[in-house]
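A.B. asks: The structure is given below, and queries will be raised subsequently.
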Amino acid sequence: MVKEHYEKVAYIGLRMGDSTLLNVPLYVRLSEVNASGLSHMQEDLMARISEVMIRRHEEQICAHLKKLKGGEKNA
């Protein structure tokens, strides 16, 4: 038996008869889920975001080290 997995993607506002709004979650069914419970698309997105964040962190570290080395030469 295949276990289905649904992911909440948004909320839909439904107006009730007394003009109040009811927020109803909107789910999509994922066709494939791996052992970690994520879809392949979610894992790909997380990997790409992580790559960008790591690259930015490396740039900040390099800039900081360059600044420190520059300060040593001037001392």
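Any read-out appearing in this document is the output of simple, stated calculations on the displayed coordinates, not a laboratory observation. Please read all numbers here as calculations on a predicted model, not as lab measurements. Reconstructed Cβ throughout: ideal geometry from the backbone, glycine too, with neighbour counts over all protein chains shown.
A.B. asks: Using a simple spin-label model with points 7 Å from Cα along the Cα→Cβ vector, what separation in nm is obtained for LEU30 and MET16?
C.D. replies: My value for the distance between the label points is 3.3 nm.
A.B. asks: Per 10 Å bin, what is the whole-percent P(r) computed from every C-alpha pair distance within region 5-74?
C.D. replies: 16, 21, 19, 18, 13, 9, 3, 0
A.B. asks: Check HIS5: other-chain or 5+ apart residues with amide H under 5 Å from its amide H, H built from backbone geometry?
C.D. replies: LEU30
A.B. asks: Here is a further query. Would you kindly derive the ³J(HN,Hα) couplings of region 48-54 from the backbone phi angles with the Karplus curve 6.51 cos²θ - 1.76 cosθ + 1.60 (θ = phi - 60°), listing them in order in whole Hz, with x for Gly and Pro?
C.D. replies: Here the 3J(HN,Hα) series is 5, 5, 4, 4, 5, 5, 5 Hz.
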